[in-house]
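Q: One structure is given below, represented as structure tokens, and several questions about it will come after.
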Amino acid sequence: MSNHLQTDTIVALATPQGIGAIGVIRLSGEKAITICESVFATKSLHKKNLENKASHTIHFGVIHEDDVIIDEVLVSLFKTPHSYTGENTVEISCHGSKFIQQQLIQLFIKHGARMANQGEFTLRAFLNGKLDLSQAEAVADLISSNSATSHQVAMQQMRGGFSNKIKLLRQNLIDFASLIELELDFSEEDVEFADRTDLKNLVNSIQRIVQRLIDSFEVGNVIKNGIPVAIVGKPNAGKSTLLNVFLEEERAIVSEIPGTTRDVIEDELNIDGVLFRIIDTAGIRETSDTIESIGVVKTYEQIKRSSIAIYLVDVLKLSATELKKTVEELKPHLNKSQLVLVANKIDKESIDHIKQCFSEFPEMLYISAKERIGIDELKKHLVKLFDNQTINITETIVTNVRHVEALRHTNEALLKVLEGLNNNV
Ligand code: GDP
């Protein structure tokens, strides 16, 4: 990375493209304040000084090109090193019109700024020591967080939770290595500087923490990408109807928020801040025509990939005896997945009669996907299952594939060291 790249002034729109009440344009680099100042003025186009203003202050004025006013804006000043990037930074809050935003960006480029590359502000924060790599990665996670839990985990990582834990481990390893190296230096003299048991305990304790971090990835992955849910059952049980009810409600929630144009991800479902991911949505939609035997294999596969398996029963078609047999067949395939039995189409029969038929399944939930009866209870039940997994967010949770890979390598190395210690190498 050349020095030039680190100090030239970059510009970009910080808010999403499109129309909004306001848009924010961010300038960062040595000349950020000078560039902004050169086009900043009072309403009557008297030059307004920014260079001599204090950091963390906001200034009202207009941005103009010669005698044409482009917009009335608020300029926020952050002087080096007290900014996100560590450099001089200016944030211009303008009106949220695409045209204004483009005009302003063009104007700043004309005055010496350069269009920022993707992630370049965060890259600079990293290069200037404002964030370490894991924190920089957490910024991306934070921006894309779509549930209360993924937000909480990303926030903790950005605030340095993960980094602190790694720093501590690193220090322990350095201490360990220096003891070993010291012994190597005096290897001729056959002296032991450190007690073997102490060394083993030290490596053991580090290895345990590393292992715990690796294990947390399973939870971390679930938090980041959603808890995988499989909807299974015989053809015509109502799987795709239920899927649609889930996803339609999600879509309705999203589109109710005015001005949001977020694309609904086909198979994600956010219930009370917990993210679920329905696996194989395409498969669910086409199961009606699949031959039974293929369907069964597919069902097992889906269950294997899920944390929660919803087994949907058509109350008119499946007897309690058949269900009992099916549950027994499913059990060996459940692995860590939790089975949720759901009786569907309760609108077609008297509910008392249905409940009586399935009385040996006290945990059974009763719904009508078509008439949207019992859907809220089903959703609440899914959230409860998640809570029961006792995910402790105050613990450091690894959510990043790169991190878990590095930890796995560390773990392998530590296990080798322990083996060496045990064999008195
Ligand atoms: P899949 O094969 O399991 O995906 O089942 P579908 O969702 O395609 O549903 C099969 C048929 O059952 C369709 O005609 C649905 O309209 C109907 N159906 C689904 N849920 C209900 C329900 O709760 N009540 C009634 N009466 N019909 C339903």
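The values are calculated or read from the model by the stated rules, or taken from the named source; none is laboratory data. Please read all numbers here as calculations on a predicted model, not as lab measurements. Methodologically, a virtual Cβ is constructed for each residue, glycine included, from the backbone with ideal geometry; neighbour enumeration extends over all protein chains shown. Calculation scope for accessible area: heavy atoms of the full protein, side chains included, ligands and nucleic acids excluded. Shrake-Rupley method; radii C 1.70, N 1.55, O 1.52, S 1.80 Å.
Q: What do the square roots of 5 times the Cα gyration tensor eigenvalues come to for the chain, in whole Å, largest first, as semi-axes of the equivalent ellipsoid?
A: Values for the chain, descending: 50, 40, 15 Å.
Q: Give the residues of segment 58-75 whose amide nitrogen is closer than 13 Å to a point set 7 Å from the Cα of K43 in the direction of its Cβ.
A: 60-62, 72-73
Q: Working only with C-alpha atoms, what are the Rg and Dmax values of segment 1-151, expressed in angstrom?
A: Cα-based Rg and Dmax for segment 1-151 come out at 15.7, 51 Å.
Q: For segment 144-161, take each phi angle, set θ = phi - 60°, evaluate the Karplus expression 6.51 cos²θ - 1.76 cosθ + 1.60, and give the result in whole Hz per residue in order, putting x for glycine and proline.
A: Per residue, the Karplus-derived 3J(HN,Hα) values read 9, 5, 10, 8, 4, 6, 5, 5, 4, 5, 5, 4, 5, 5, 5, 7, x, x Hz.
Q: Now, a different point. With the full set of protein chains in place, find how many percent of the accessible area of segment 66-145 is carbon and sulfur; take the probe as 1.4 Å.
A: Answer for segment 66-145 is 57 percent, counting heavy atoms of protein chains only.
Q: Run down the lysines and flag those whose C-alpha is under 20 Å from the C-alpha of K317, throwing out any fewer than 8 positions away in its chain.
A: K234, K239, K325, K345, K348, K355, K370
Q: Just subtract the alpha-carbon distance of L184 and V425 from 0.36 nm times their residue separation and send over the number in nm, one decimal.
A: Extending this stretch completely gives an extra 85.6 nm.
Q: By how many nm would the segment from K370 to T7 grow when fully extended, if each residue of separation counts as 0.36 nm and the alpha-carbon distance is taken off?
A: Full extension of this stretch gives 124.6 nm more.
Q: Next question, about the same structure. What full-extension length gain, to one decimal in nm, is calculated for I143 and K355 as 0.36 nm per residue of separation minus the Cα-Cα distance?
A: 71.7 nm is the gain from fully extending I143 to K355.
Q: Calculate how many DSSP beta bridges within the chain are antiparallel, expressed in % of all such bridges and rounded to the nearest 5.
A: 65
Q: Looking at T122, Q102, L365, which one has the Cα that reaches farthest to the positive end of the dipole of the chain (charges on Cβ: Lys, Arg +1; Asp, Glu -1)?
A: The Cα lying farthest towards the positive end belongs to Q102.
Q: Could you rank the peptides 237-243, 205-211 by their average count of other C-beta atoms within 10 Å per residue, with the highest value first?
A: 237-243, 205-211
Q: A further question on this structure: Each residue of segment 93-102 in turn: what ³J(HN,Hα) in whole Hz from Karplus with 6.51, -1.76, 1.60 and θ = phi - 60°, glycine and Pro shown as x?
A: 8, 10, 6, x, 9, 4, 4, 4, 4, 5
Q: While we're looking at this one, here's another question. Determine the per residue accessible area of the chain with all protein chains present and a 1.4 angstrom probe, expressed in square angstrom.
A: Roughly 54 Å² per residue, with all protein chains present.
Q: Just to make sure I understand: if all protein chains stay in place, what is the order of E91, E328 by accessible area at 1.4 Å, largest first?
A: Correct descending sequence by accessible area is E328, E91.
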